[in-house]
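Everything below concerns the one structure shown next.
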Amino acid sequence: MKTSHFVLALLLGAARAYVQPCIPMSTTATLVSSTAPGRILPSSTVLLHTPQPQASTAPNATMTIDIVNLHGTDLSLLFVVGAGYSTPIGDPQPTVLPLSSTTRYLYPTGWAGQITIGPNLNSNGSKIEGSFTGPPDIDVSYVDGYTVPITCSSEGVIVTGCNIDLFMNGTCTNEVEGPVCLNPARFRRYGPPTCFFAPCEAAAYTYPEDNLANMSVLKSNLVSCCIGTLCKAPARQLSTPWWINCTYSK
């Protein structure tokens, strides 16, 4: 979120993490209406748009984030809420999102926080960041580190994120167990990113003020995020000349 990495980083230092089973969309009785339809995933052999959330399943006073896992393996989700902000509906806690499944989470007015996603629970992994303190705000962040590619859409348009698997694209010089590639530029407010992270610059946050990655003032409360290289990329990812503005230094 715009200038949010510094603000949110301070808030999340005192943040709480939350734990309950990940519930597929077809059975999210405690999160959304029990009539919410199941989701049939397209063939994994085609390039996918981030699935669009179902309409009319959440009240206007909530922000809905759907997450579909197309990454090729089960993934862990870790939820963090900024200190002083509203708790997600259902109080979700660290959980597993199985391959080829979709889940849904609802956020009340006054929420701001993160969903960290990766093969294992690691707070430095790839993140979905959002807030609902005014118009809905969403971004994908690799500022702390990278684990999996994520993109998010609203009203059928990809608005943030990067579908490149950076582990397959380059060499990480700061890899830790997970695997997680720690981001050296997390302490460089205005970048530039290292060349490992640079292909996603301006599409996902690759340093704290990489603000082109942020999508604020969404017109819809419904957001859908997709994990994997088969997810559709935002246009600015495709046009970013990442090889010009990066450093190989740690």
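Each value in this text was obtained by applying a stated rule to the coordinates, not by laboratory testing. Predicted model only: the values in this text are computed from it and were never measured. Cβ coordinates were reconstructed from backbone atoms using ideal geometry, including for glycine residues, and neighbour counts include every protein chain displayed.
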- Note on the structure: Output for Cβ contacts, cut-off 7 Å, separation at least six or different chains, first residue in contact (Cβ under 8 Å) with a residue 60 or more places away in the chain and among the hydrophobic types (A, V, I, L, M, F, W, C) in segment 175-192, second assigned to a loop (DSSP other than H, G, I, E, B) and surrounded by 18 or more Cβ atoms within 10 Å (Cβ to Cβ), reads 180/122; 180/124; 180/125; 180/147
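Just a yes or no: is a residue in segment 97-109 outside any strand (DSSP E or B), of a type outside the set (Asp, Glu) and over 27 Å from residue 62 (Cβ atoms)? Give the steps one after another, and end with the answer.
Of the residues in segment 97-109, the ones outside any strand (DSSP E or B) are 98-101, 109.
After this cut, where a residue has to be of a type outside the set (Asp, Glu) as well, the list is 98-101, 109.
Still in the running and over 27 Å from residue 62 (Cβ atoms): 99.
Within segment 97-109, one or more residues are outside any strand (DSSP E or B), of a type outside the set (Asp, Glu) and over 27 Å from residue 62 (Cβ atoms).
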- Task: Considering only segment 110-147, state which residues are outside any strand (DSSP E or B), among the aliphatic types (A, V, I, L, M) and buried (at least 22 other Cβ atoms within 10 Å of the Cβ).
- Result: 143
- Applying the selection to segment 67-96, what residues are buried (at least 22 other Cβ atoms within 10 Å of the Cβ) and in contact with a Cys (Cβ under 7 Å, 6 or more places away or on another chain)? 67, 68, 70, 77
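Within segment 228-243, can one find any residue that is among the hydrophobic types (A, V, I, L, M, F, W, C) and touching a helix residue (DSSP H, G or I) at 6+ places or on another chain (Cβ under 6 Å)?
Yes: one or more hits.
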- Of the residues that make up segment 217-237, is at least one assigned to a helix (DSSP H, G or I) and within 18 Å of residue 123 (Cβ to Cβ)? no
- Positions within segment 172-196 being part of a loop (DSSP other than H, G, I, E, B) and under 20 Å from residue 120 (Cα atoms), in sequence order: 172, 173, 174, 177, 178, 179, 183
- Message: On the basis of being among the small types (Gly, Ala, Ser) and surrounded by fewer than 24 Cβ atoms within 10 Å (Cβ to Cβ), does residue 161 make the cut?
- Response: no
